[in-house]
Protein chains: 2
Amino acid sequence: MAAVVAATRWWRLLLVLSAAGMGASGAPQPPNILLLLMDDMGWGDLGVYGEPSRETPNLDRMAAEGMLFPNFYSANPLCSPSRAALLTGRLPIRNGFYTTNAHARNAYTPQEIVGGIPDSEQLLPELLKKAGYVSKIVGKWHLGHRPQFHPLKHGFDEWFGSPNCHFGPYDNKARPNIPVYRDWEMVGRYYEEFPINLKTGEANLTQIYLQEALDFIKRQARHHPFFLYWAVDATHAPVYASKPFLGTSQRGRYGDAVREIDDSVGKMLELLHDLHVADNTFVFFTSDNGAALISAPEQAGSNGPFLCGKQTTFEGGMREPALAWWPGHIAAGQVSHQLGSIMDLFTTSLALAGLTPPRDRAIDGLNLLPALLQGRLMDRPVFYYRGDTLMATTLGQHKAHFWTWTNSWENFRQGIDFCPGQNVSGVTTHSLEDHTKLPLIFHLGRDPGERFPLSFASAEYQEALSRITSVVQQHQEALVPGQPQLNVCNWAVMGHLAGPEGPRLLPRRHRPPGATPEGDPRGPHRLHRRPRLPRLPLWPLPGPGAWTGLCAHPKAGEAARPHCVGLLCPGVREG
Amino acid sequence: MAAVVAATRWWRLLLVLSAAGMGASGAPQPPNILLLLMDDMGWGDLGVYGEPSRETPNLDRMAAEGMLFPNFYSANPLCSPSRAALLTGRLPIRNGFYTTNAHARNAYTPQEIVGGIPDSEQLLPELLKKAGYVSKIVGKWHLGHRPQFHPLKHGFDEWFGSPNCHFGPYDNKARPNIPVYRDWEMVGRYYEEFPINLKTGEANLTQIYLQEALDFIKRQARHHPFFLYWAVDATHAPVYASKPFLGTSQRGRYGDAVREIDDSVGKMLELLHDLHVADNTFVFFTSDNGAALISAPEQAGSNGPFLCGKQTTFEGGMREPALAWWPGHIAAGQVSHQLGSIMDLFTTSLALAGLTPPRDRAIDGLNLLPALLQGRLMDRPVFYYRGDTLMATTLGQHKAHFWTWTNSWENFRQGIDFCPGQNVSGVTTHSLEDHTKLPLIFHLGRDPGERFPLSFASAEYQEALSRITSVVQQHQEALVPGQPQLNVCNWAVMGHLAGPEGPRLLPRRHRPPGATPEGDPRGPHRLHRRPRLPRLPLWPLPGPGAWTGLCAHPKAGEAARPHCVGLLCPGVREG
């Protein structure tokens, strides 16, 4: 922690001394920050990471002009927790984005859940305000959909996007489609005002998200420093692309989505050049978790040479593509072997703004500026959690698995496969296997695919185990888990059981007089508290069989209590 | 064929018109040709192909300055046949580098085999002589070790290297180590004059091969055009590197070998620049077959996202890294999706020299110049043979498997695994499965890992099958198989059973008076015919259990007849 503070001070000094960033007032100005967060994109999905079709010329150019991280990790193999970790700089086990419903269960924020990002968490845009940043989120929020979790209550100044995944279409009455917001206002719903054609894969959303980003950059570039969090979701099943991109990829519809995102990133970087702010804008590209191989081959990306995918704590579940770009500051064509984490974007962004991270809590993110600007390598562990359980830890080149699990035999036999075509005996297990007494250890340099555990008797094993054990003990002794936000089968956090219906969303047809796309004159709370929409029942989530163990629907006349004994509930992914 | 001839003529015209290549005489001169052929290096082994450690800066730069082929194939999943195909432009089934001992069996040229490249085959250096080229092979020959197969009898002017793999060490008397040649002269043996330390992995061979290449380039660059075939073997198990590279890779010893080769390629390209012949030298980098996953993780490379490895006809067995470099002619930073083959290097090299391929035989290699110079894409199939059997065919994005096989259950249960960690039900079969009536078809764009066969009922399947069937029928109807050179369990081709001992190799201590490193005044035949070395008995090949089903050793007093009933013999790999 001390090192982080020191590096930050050093950087603040550099900023003061540098003439690179000058605001309209002529005062030194910290750089703009543009975080490009992909959804379910895998490590192997970019040409520069070896995707055979090589269809990402703009991202490949971004890598050639900047720094590529081959060893960069998400904070969780699932969407909501990973995103909460990015914005808080803290592991989901600390910020509450996990479940204790069962051991080692993934969880996220479906519509039934009333949990979300606690007010006690300090999010990146909140903190950046202190340095004068104006912040916008474009795309998927995923940190809770009740009013208290709204992005504009957590530091963002603007939002265009949705609180949740674009699953659907649903029945608009009993089971409303997921809403899309502009700031406080619900401006429509997926499959309605924002159509997604599941048959053809056509949707215009990436173009809308691109335009939102370009407009924001144009507006902000000459004034305050900006933080733009571009969290698009075209590569999350059901994948989509707009008409000019549909059918253009060798990789099918998933590739079409990637091509449209690649094109969009190219346009954003071009705009930064055109506005002459490229050398004052730090851009980082990464993804929330590994490719969702359960949707392969039509709707999933690639984790390259790595084992398994989304939902697992093997490399395929959490190792991500990661590119940093900042012309004139980050030298072109570099590769950094720094072990990086999505949580580092929190601390690094604060350092760019000349700020220090909060000192009243544990922060897991590292300030990457020494790696980015000086090519330094810093020791740090990577922790792989699944729900409440530390499944694995990487330190240097060695990764120790304390628990292994893909999913249950029951689900696997139903065709739900997180590791299609892959099977490493004793490693890709279909029961939750306890290795805490004798962890499986892999050398990720010689064996990136986690196929050959080190011999327990080897000196290398003993040495690696000793180093990792020490770090893990330190981590666990200091750990104060946050209140779990994603428990289900729990009356307190399930929306339909939470007593009086909570505040609901405002469809366009019910927009109060005076409400504009920029906001409602009566304030956000009033806007959100009326009128009531129908209560959301439990509903089985759609998708290719990926969602498991839903609570049974209550029959008419039954108490609306989910049948949870022996079952999992929406929002908790079994494995 | 007509198209190839036309393209060649067009190119000859271009050469005449171009002032780029001028010999010492001032006459137009075709470009030098430098083929860099790796041994058991996989598609995923270069940084530019996504290898996570990113330790190939020189090869990555070569790609950035030239053209990268993501869809380039060897002609066979094993060494000897692939190399014979490169130099003849013809599939092994045509040039004889296969076996009919059993169905779909891989075979190569161990020391017991007297077969080799037939005189009737016309090799690339033979043909290039017509355009004034001086040719040298540095490294592994692998096209037969009897005198009639010597590289200098097949068009090469110089050789430094070995006829075979660097397995060993062997007993020098009963089982001599594999010899190393300079031209006609045996200058030593592996593990003796050319030490390889199996314990530390240290060997100086890549440095020797590099120096041979640099010396040749320096000597030739100002005179005749040259053809240099740099066939190094440090990445073939037992992998090795010289002291400065040992222990420097994140990937272990295999990575050390790759780093030394990468460094060597950098030095060669630098020399071409220094000599001002870079723009008159066509350089191509590729590998003979996929990474030998049986030697993983310590001694094997990576096939990236592809299925299985060496010895198989899945993508991991035959898809190769491939880079073309020719400053001023091939534009920098290009990717070509042309389906390419190692056999194309034959036809393309001839085209560069202004020559046409032989017209009296079927040539499988394509002239790649339209792809290299104009970015054109040409339709062509890729045939995946294993021994005498056409296992699979790719056309466009679709690959049809007519037969599937990894290796036998018996061998697999002994731990011999060509697909470690991978298992695709009904695809990675451990018995030879006949799909000829209903081929398995994969779309390699959406599913490069061959995990999801298309539904037999789909329109896509029917359309792809129809296209591929037509091409395969045409291929098979016109096919005239060559006399198989690699049959074993066959008295006629087994060295120790071939009657009077054939001509043997000349150890330094028996060098005839007057013989110099440049050659023997009495001529190669005499040099090779005396004195006799001990007869080579059958011996079990070394390695990590990769070699299977060796003929039983005859006991003392038994007839020296291999016990072949129900067994395979040296040189035939079960698969």
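The values are calculated or read from the model by the stated rules, or taken from the named source; none is laboratory data. Being a predicted model, the structure only gives us computed values, none of them experimental. Here the Cβ positions follow ideal geometry from the backbone for every residue, glycine too, while neighbour counts run over all protein chains shown. Quick note on the areas: whole protein, heavy atoms, side chains included, nothing else; ligands and nucleic acids left out. Shrake-Rupley method; radii C 1.70, N 1.55, O 1.52, S 1.80 Å.
Data overview
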| quantity | calculated |
| --- | --- |
| Tensor-based shape of region A:32-378 (alpha-carbon gyration tensor, a/c under 1.5 rounded, otherwise prolate or oblate) | rounded |
| Buried on assembly, region B:404-422 (at least 20 Å² less accessible surface than by itself, 1.4 Å probe) | B:Pro420, B:Gly421, B:Gln422 |
| Members of region A:324-365 that become less accessible by 40 Å² or more once partner protein chains are added (1.4 angstrom probe, chain alone as reference) | A:His337 |
| Per-residue ³J(HN,Hα) for region A:325-338, Karplus 6.51 cos²θ - 1.76 cosθ + 1.60, θ = phi - 60°, Hz, x for Gly and Pro | 9, 6, x, x, 10, 8, 5, 6, x, 9, 10, 10, 8, 3 |
| Residues along region A:241-265 losing 20 Å² or more of accessible surface when the other protein chains are present rather than the chain by itself (probe 1.4 Å) | A:Gln250, A:Arg251 |
| 3J(HN,Hα) from dihedral phi, region B:278-288, Karplus parametrisation 6.51/-1.76/1.60, rounded to Hz, x for glycine, proline | 4, 7, 10, 9, 8, 10, 9, 10, 7, 9, 7 |
| DSSP bridge orientation in region B:32-378 - percent antiparallel, rounded to nearest 5 | 35 |
| Entries in B:Lys140/B:Lys267; B:Lys140/B:Lys218; B:Lys153/B:Lys243; B:Lys399/B:Lys437; A:Lys267/B:Lys399; A:Lys129/A:Lys218 that, when Cα-Cα distance is taken, lie over 24 Å | B:Lys153/B:Lys243; A:Lys267/B:Lys399 |
| Protein heavy-atom accessible area occluded, B/A pair - total, 1.4 Å probe, Å² | 2900 |
| Whole-Hz ³J(HN,Hα) from phi, Karplus 6.51 cos²θ - 1.76 cosθ + 1.60, for region B:55-67, glycine and proline x | 10, 10, x, 6, 5, 5, 5, 4, 5, 5, 8, x, 10 |
| For region B:112-144 versus region B:411-436, the gap between their alpha-carbon centres in whole angstrom | 35 |
| Computed magnitude of the charge dipole of region B:398-478 (debye, nearest 20; Cβ of K, R +1, Cβ of D, E -1) | 120 |
| Under 5 Å, built H, 5+ apart or other chain: amide partners of A:Asn487 | A:Thr100 |
| Net length gained if the chain between B:Arg359 and B:Ala174 were fully extended (0.36 nm per residue, minus Cα distance) | 62.0 nm |
| Accessible area of region A:60-163 belonging to carbon and sulfur atoms, whole % at 1.4 Å probe | 47 |
| Per the axis that maps chain A onto chain B, nearest residue of A (Cβ criterion) and its distance in Å | A:Gly50, 1 |
| Accessible surface, region A:398-478, averaged per residue in Å² (probe 1.4 Å) | 46 |
| Extended-chain gain in nm, criterion 0.36 nm per residue less alpha-carbon gap, A:Leu438 and A:Gln476 | 11.9 nm |
| Label 7 Å beyond Cα on the Cβ vector: A:Ser458 copy-to-copy distances, nm | 4.0 |
| Residues of region A:191-322: accessible area per residue with a 1.4 Å probe, Å² | 28 |
| Carbon plus sulfur fraction of accessible area for region B:265-327, probe 1.4 Å, in percent | 51 |
| Length released on extending from A:Ala64 to A:Asn204, taking residue separation times 0.36 nm less the Cα-Cα span | 47.5 nm |
| Amide H within-cut-off set for A:Tyr385, under 5 Å, with H built and near neighbours excluded | A:Met391 |
| At 7 Å out from Cα toward Cβ: B:Glu477 inter-copy label distances (nm, ascending) | 7.9 |
| Using a Förster distance of 41 Å, the FRET efficiency for B:Ser120-B:Phe456 (Cβ separation, nearest 0.05) | 0.45 |
| For A:Asp119, label point 7 Å along C-beta direction: distances to other copies, nm | 9.5 |
